[in-house]
Amino acid sequence: MLISGASQAGLRGIQNGMEGLRANASELASARQMDGSAVRDISKPLVEQMQNVQQVEASAKVLRASDEMIGRLIREIA
């Protein structure tokens with residue numbers, strides 16, 4: 001049950017990070033950003049982009065650790 005929860009948290013983190021990456025990329029590529037009429041300074045979505053990348057990487061590590069634990073449990077039971 002705990003391992004399943006860790007896997008779900010990892011997947012959810014990856015999904016949230018990817019959604020953030022898409023939103024920031026869209027904001028960065030918008031016409032408003034290009035003509036200077038954007039509501040936010042360009043540095044904010046760039047910083048958020050890096051934070052989203054780090055979230056995806058961290059969540060992937062959680063998912064990998066959960067997968068390794070499941071593998072160990074299966075080997076122990078077998």
Computed lengthening from residue 78 to residue 23, 0.36 nm per intervening residue step minus Cα-Cα distance: 15.3 nm
Degrees between helix 2-29 axis and first principal axis of the chain (Cα, 0 to 90, nearest 10): 20
Radius 12 Å from Cβ of residue 61, net charge of other residues (Lys, Arg +1; Asp, Glu -1): -2
Residue with peak Gaussian network fluctuation, the chain [Cα springs, cutoff 10 Å], from 55, 33, 15: 33
Label-to-label distance, nm, for residues given as residue 57 and residue 32 (7 Å Cα→Cβ offset): 3.0
Neighbourhood net charge (13 Å Cβ-Cβ; Lys/Arg +1, Asp/Glu -1) for residue 70: 0
Carbon/sulfur fraction of accessible area - the chain, other protein chains in place, 1.4 Å, %: 60
Mean accessible surface per residue for the chain, computed with a 1.4 Å probe while every protein chain stays in place, in Å²: 74
Expected 222 nm ellipticity per residue - DSSP helices of 4 or more, -39500 (n - 2.57), all of the chain, to 500: -30500 deg cm²/dmol
Cα long-axis angle, helix 43-77 against the chain (0 to 90 degrees, to the nearest 10): 10
Pairwise FRET efficiency - residue 43 versus residue 12, Cβ, R0 = 25 Å, nearest 0.05: 0.35
Cα-Cα separations in the chain greater than 15 Å, expressed as whole percent: 63
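The values are calculated or read from the model by the stated rules, or taken from the named source; none is laboratory data. Here the structure is a predicted model, which is why all the values come from computation and not from measurement. Note that we place each Cβ from the backbone using ideal geometry, even for glycine, and neighbour counts take in every protein chain shown. We work out accessible area using only protein heavy atoms, side chains counted, and drop any ligands, DNA or RNA first. Shrake-Rupley method; radii C 1.70, N 1.55, O 1.52, S 1.80 Å.
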